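J.: One structure, as structure tokens, below. Some questions next.
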Amino acid sequence: MMNSQAIEDIKEERARQLNVKGWTPKHDDTHVAGELAAAAACYAVPEHFRGDSLTGFLAQAWPWNWRHWKSTNRRRDLVKAGALIVAEIERLDRFVAPKDAKNEGSNAVIPHISRLRAANAARQAEWDSFNKIDLAYRGNELAGEVGETLERAVQLLSLSVLTGKASNLIKKIQRQTMGLVGSLASVDDLGDELADVVICADLIAMDAGIDLGKAVGRKFNKTSAKNDLMTRMTEGGGVVL
């Protein structure tokens, strides 16, 4: 295809999004619920179909705060839409399963942790659309999952100790958030304890002959299917939204 002025303008707008607005790939990767495509649709749809911020198409589709809505004229809006579509395609391409998973090792839990995060975020947006779940719930959820695992293997007592430490740090962080007195902890401290949980789980999986990367994907997909949710992890670690 020959480069037209329209294509050049979309390229320029995409560069502006990256270099001027600061919407980096890392930023775009947080928009796992299709927000970039939804924003593109809002700019692309003709004005007489849009409605306003209270009713009509825009009210349903615009994914962000209205201060980010910058409609100008029809052509400029289409250029923005094109650049946003490019951003969404690039985001999806970053989470495509690698073609040669063998080169990444059979236990892919660590190389694909970013894809797990994307899949978790997408399913969370689908399941908890009003974002009601907080850190306290996550602590209880973590303890509950460990409790189920302990029923299957006494060996996992070491994992429960680590999880208990993580839950204790969650309590301290929550205490700080609530403005209560007592010993405190940082998010980095919690990250260290959760990393220990992952490492310990992988050691147990190694001893039991479990491919933890495949087990994570299989369990993630079973939970999605059980709850009639569409988000899936592919065998190579990619995400199907």
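J.: In the range 25-64, what count of residues is obtained for those that are modelled with pLDDT under 90, more than 20 Å from the chain's Cα centre (by Cα) and of a type in the set (Val, Ile, Thr)?
T.: Matching residues across the range 25-64 total 1.
J.: Do the conditions hold for GLY182, that is, is it at pLDDT below 75 and at positive phi?
T.: yes
J.: Find the residue count for the range 17-54, including only residues that are on the phi < 0 side of the Ramachandran plot and not in a helix (DSSP H, G or I).
T.: The total comes to 14.
J.: Something else about it: Specify which of the listed residues (ILE173, ILE204, ILE210) is farther than 29 Å from THR231 by Cα and at pLDDT 65 or above.
T.: ILE173
Condition check ((1) under 25 Å from ALA119 (Cα atoms); (2) in contact with a Leu (Cβ under 6 Å, 6 or more places away or on another chain); (3) surrounded by 15 or more Cβ atoms within 10 Å (Cβ to Cβ); (4) among the acidic types (Asp, Glu)) across all residues:
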residue: ASN3; (1), (2), (3), (4): no, no, no, no
residue: GLU13; (1), (2), (3), (4): no, no, yes, yes
residue: HIS27; (1), (2), (3), (4): yes, no, no, no
residue: ALA39; (1), (2), (3), (4): yes, yes, yes, no
residue: VAL45; (1), (2), (3), (4): no, no, yes, no
residue: ARG50; (1), (2), (3), (4): no, yes, yes, no
residue: LEU58; (1), (2), (3), (4): no, no, yes, no
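J.: Would you please name the residue that is surrounded by the most Cβ atoms within 10 Å (Cβ to Cβ), looking only at residues in the range 15-25 that are within 24 Å of ALA125 (Cα to Cα) and touching a residue at least 24 places away in the same chain (Cβ under 8 Å)?
T.: Taking the candidates together, the pick is TRP23.
The values are calculated or read from the model by the stated rules, or taken from the named source; none is laboratory data. Remember, it's a predicted structure, so these values are computed and weren't measured experimentally. No Cβ is skipped: glycine too gets one built from the backbone with ideal geometry, and neighbour counts run over all protein chains shown.
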